[in-house]
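The values are calculated or read from the model by the stated rules, or taken from the named source; none is laboratory data. Treat the numbers as computed from the prediction; the structure is a model and nothing was measured. Every residue, glycine among them, receives a Cβ derived from its backbone with ideal geometry; neighbour counts consider all protein chains shown.
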Amino acid sequence: MARSSGLGGQDEARAAVVFWRQHIGRITAGHQNDGRKVLRRNGRSFVVVVGLSLASIMSSMLTLPLAEAATAIVWQPSCLVPCPEPPEVTFGLDSVSMGIPGRSGSDTQPVSLHGAAGVLPVATRYTIKFDYDLYTWDSYNAPVAPSTGYYDSFSVSVTTAPYHEFERSDPIDQSQISGNLGFQWGGGSYGDGILERTSGTTTVELNGDPSTTNYLNVVLDTATYPDIDNAMPSWGTIKNIEVTPHTVEGIEAAAPPATVSRYMATTDTSVLKALGADAGTDARDQPGAQEVVILFFGAPVQFADGTYGATCYNGPDCTTAQIASAAEAFAHGYWLESGDDSRVRLALGTSNNSGPLNDAHGQAWARMVTDVAALLADSLYRVQVDVAGANDMELDWNTPLDWNTPTATRAWVDGYSSVVGASYYLYNFGDAAGCPSDRTPSGNDCGTATHPEWTVEDVYHISWGAQSAIPLPQIYRNDGTNARQWYRLSLYAADRDGDPMILAGSLTQLGACREKGCNTSVDNTPSEGWAQLFTALNTNDVRTAQHLPWSTDIRFSNTPR
C-alpha cells in the first residue's frame, strides 16, 4: 500500500493544544464564569481556578481505583483535544489497550495518539512495572533503507504535561519527553509481510517533579510528523501496571511566593492605593506573578438606613460603597507598580462571626463585588486586576448571638450566589474546625463544641457546592491537622460527585502572629502551610491530586512601607 503524505488535521490539533495551554488556569479580567458548575454536573471538572493546569481536568474524567496495585491511576485518553483521527484505546483497571488486534498488513488504522495519560501522586521518583504484548506491521527506525522510517511507536513515559501537549517530531527521544522516556518500541521494517511482536515484563525508574503534576503516558503514536500515515497497522496492550511513588522531597521549596493579605481597619483610598503599590512592587520582582490578596473588612453590619457593610477592624464600620472605593484604589496602586505580566485577584472579605448574617447581606456583598468589577472594567488596570468575594466562614465562633450557625451561613452564601452565580467567585478562607482529619467525614462529623449541628454537607456547600464557592482555607496548625481536614473534604467531594473539591491555595497567619502574638502551634510559615496542604492533597489518594496555585499570609498592619 502506498504511503500518504500525512494529514492536515495535525496542525489543528496542535493549535488546539496551544489554546488549552494558554488559556486554562489564567486569570482573566472581568467575569470568572468558566462553566465550572455546569461541567461538574456532567461529571467533568473543567475548573479554571487561577494557576491550575490540566491537572484538575485530568483528575476527574475517569476514576478507576486499582486493586492489588501500589497507586491508583486515573486514565484520560491521550487526545484531550481532537487528534487528526479518533484514537483506538480502551482502559482497564491497570491496563491500556491500543489499536485493533488482528488487522492484516494491508489494513489501515486512524492517524492518532492511541493511548492514555494518568495523573500520578506527587513524588520525586516512580518505579513502574508492567507487562507488554505489542504487534506491528510498521517500522520505527531511521529511514536509511527501503521500508524503514519513524512511523508507529509504542512508549511509556512520565512527564509534567500529558503526552499530547508536547511539541513532538520524529524520532521521539528523551530530549522531547523531559528525559523520562522509560520504554519505547517499534518495528524494524514495513511492507515485508512480517508481523513483528514483542512481549514481556519490565520495570522502569523515572523521575518526577514534586512542584507540579506528573502524568504517566502509555501511547501508540501514529500521528507525529514527519512520518505519518494510516498504513501498516499496530496494536497491543500494556497491562498489570504498578506504580510506586517514592519519597517526596523539596515540597516546601516549591511553594509559590506568598502574598500579603490584611485585616482592614480603614477604607481610606490613599492608604489602600499605597498598600496596592506595595503589593505591585512585590509582584514586579516575580515575573509572571499570578496571585490573590484578601482584604478582610470584618464581620457583617447593617446601617440604620438599611444599607450594609462590615465592621472594619479597630475602626468605624464601613459601608459596601466605601469598601468598593477602597478596592479600586488598591487596584490602581497595584497597577502602577507591578510588571505588565503580573495578575492579582482581589478577594474582598467579610465573615460569619456576627450579624446580620443572612441572604440580604450576602446579596449586598455580591452587588458590591460587581460594582468593583464595573469600576475596574472602565480602568487601565482591568487587564491586571480582577475581583471576587470572600468570607471567613468558621465553624466554632463563640459569639453571644450565635450568628455562625450553618443555617445562617448557608443563607449568606446562597444570597451571594443568587446575585452572581459563578461569575464572581466566593472564596471561603475559613476553617473546618470540627471536621475529622483521619477519615472521610460523614453526617454530623463537622460539628463543633459551640455548634454541634454543623454537618459535612454544610461545609461542602459553603466551600464548594454553592455555585460561586471555592475554598482558600486557613492552614494554621503546625501539626498538619488543618491540611488533612481539607484533604478529607476534597475526598468527600470525590466520593459524593465523582469530582474532588479543588482548592485555590492556602492561608497562613504568620504575619499576624508576629504582630500580636499567637499560640505557637498555629504559626505555620506560608511555605509550611502550603506544603502541608499540597502534600495532603497529592500523596494520599490520586482522586484529590491537584495544583495548589496560591499562598497568602494575613497580617493586621494597614501601614504602607
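The table below gives the values:
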item	result
Meets criteria (surrounded by fewer than 23 Cβ atoms within 10 Å (Cβ to Cβ) and in contact with a helix residue (DSSP H, G or I) (Cβ under 6 Å, 6 or more places away or on another chain)) for Leu357	no
Among the residues listed as Val204, Val218, the single one being surrounded by fewer than 18 Cβ atoms within 10 Å (Cβ to Cβ) and in contact with a Phe, Trp or Tyr (Cβ under 9 Å, 6 or more places away or on another chain)	Val204
Residue check for Tyr140: under 16 Å from Ala231 (Cα atoms) and of a type in the set (Ser, Thr, Tyr)	yes
Residue count for the stretch 482-528, restricted to those that are at pLDDT below 95 and β-branched (Val, Ile, Thr)	1
Considering residues of the stretch 454-481 that are in a loop (DSSP other than H, G, I, E, B) and charged (D, E, K, R) only, the residue modelled with the lowest pLDDT	Asp479
Search result, residues across the stretch 128-153 that are at pLDDT below 95 and surrounded by fewer than 16 Cβ atoms within 10 Å (Cβ to Cβ)	Ala142, Pro143, Val144, Ala145, Pro146, Ser147
In the stretch 448-487, residue farthest from the chain's Cα centre (by Cα) [restricted to those that are hydroxyl-bearing (Ser, Thr, Tyr) and within 22 Å of Asp414 (Cα to Cα)]	Thr455
Residue match in the stretch 309-327 (condition: of a type in the set (Val, Ile, Thr), under 27 Å from Pro549 (Cα atoms), touching an Asp or Glu at 6+ places or on another chain (Cβ under 7 Å) and crowded, with 22+ Cβ neighbours inside 10 Å)	no
Index of the failed condition, His451 passing every other in (1) buried (at least 24 other Cβ atoms within 10 Å of the Cβ); (2) touching a Leu at 6+ places or on another chain (Cβ under 7 Å)	(1)
Residue within the stretch 384-406 that is of a type outside the set (A, V, I, L, M, F, W, C), surrounded by fewer than 19 Cβ atoms within 10 Å (Cβ to Cβ) and without any contact (Cβ under 8 Å) to a residue 40 or more places away in the chain present	yes
